Amino acid sequence: QSFTDQLRLNLAKRLDADFSEIYTAGFNLQTWQLVKKTYFENVVKFIEQEVIQRQHFPELKNIRVEWPWEVFYDWKRFEFVKEKSEFTVKISGVIDRIILNQKTNRLWLIDYKSSLKNHSSYLSWIENQEFQLLLYNHIVQNFCSEPWAAEVENLSYWQLPNLAIKKGFAVADSRFL
């Protein structure tokens, strides 16, 4: 089912009605209305993309959204470790989305970006010092104790608001992870 302009508008109006009582201090009402409108439009685009994804890729299953992680970096041994010590620094973050490909039993790690203009394709990640998704891959495959932990086969930036999936890295052979 494709989304019509009217369906998108109705969804955004419903979100606005459902959240009409929410008002954030520090914004004047006119500014807050613009922020909400943009946010709700992005939510509708996310819903539309999710529906399309489920239709075309029924083997994908959402595992986690905004999954918090933390590790420690041992600055004497130059490596990530699980335990805190006098020589470690805590590093933590959130992976925006984790998806399981049920056909392969491997994970997709997704990071949403408002713009991809400052992010390159995987071929130049190291040259451009873009280590975010590579770090996520390392964390999930080496430090994750969740029952859903598995090998990663896809690292991607998905761009809001149009949810373009143009930049990332996907492999089928675990030797390349």
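The values are calculated or read from the model by the stated rules, or taken from the named source; none is laboratory data. The structure displayed is predicted, hence computed values, not measured ones. FYI the Cβ positions are ideal-geometry reconstructions off the backbone, even for glycines, and counts take in every protein chain you see. SASA here: full protein model, heavy atoms, side chains in, ligands and nucleic acids out. Shrake-Rupley method; radii C 1.70, N 1.55, O 1.52, S 1.80 Å.
What are the residues whose amide H is under 5 Å from the amide H of Leu60, where those residues sit 5 or more places off or on another chain and H is modelled from the backbone?
Gln102
With every protein chain in place, what's the accessible area of Leu60 (1.4 Å probe, Å², nearest 10)?
Here the accessible area works out near 20 Å².
How would His138, His56 line up by accessible area, probe 1.4 Å, largest first? Mind dumping the intermediate values first?
Numbers: His138 65, His56 125 Å².
Order by accessible area, largest first: His56, His138.
Kindly report, to the nearest 10 Å², the accessible surface of Phe131 as traced by a 1.4 Å probe over protein heavy atoms only.
100 Å²
Phe87 accessible area, nearest 10 Å², 1.4 Å probe?
Approximately 70 Å² of Phe87 is accessible to the 1.4 Å probe.
Which distance in nm do the two modelled labels at Asn128 and Lys61 give, with both placed 7 Å along the Cα-to-Cβ direction?
It is 3.4 nm.
For the pair Ser85 and Tyr23, how long in nm is the line joining their label points, each one 7 Å along Cα→Cβ?
5.5 nm
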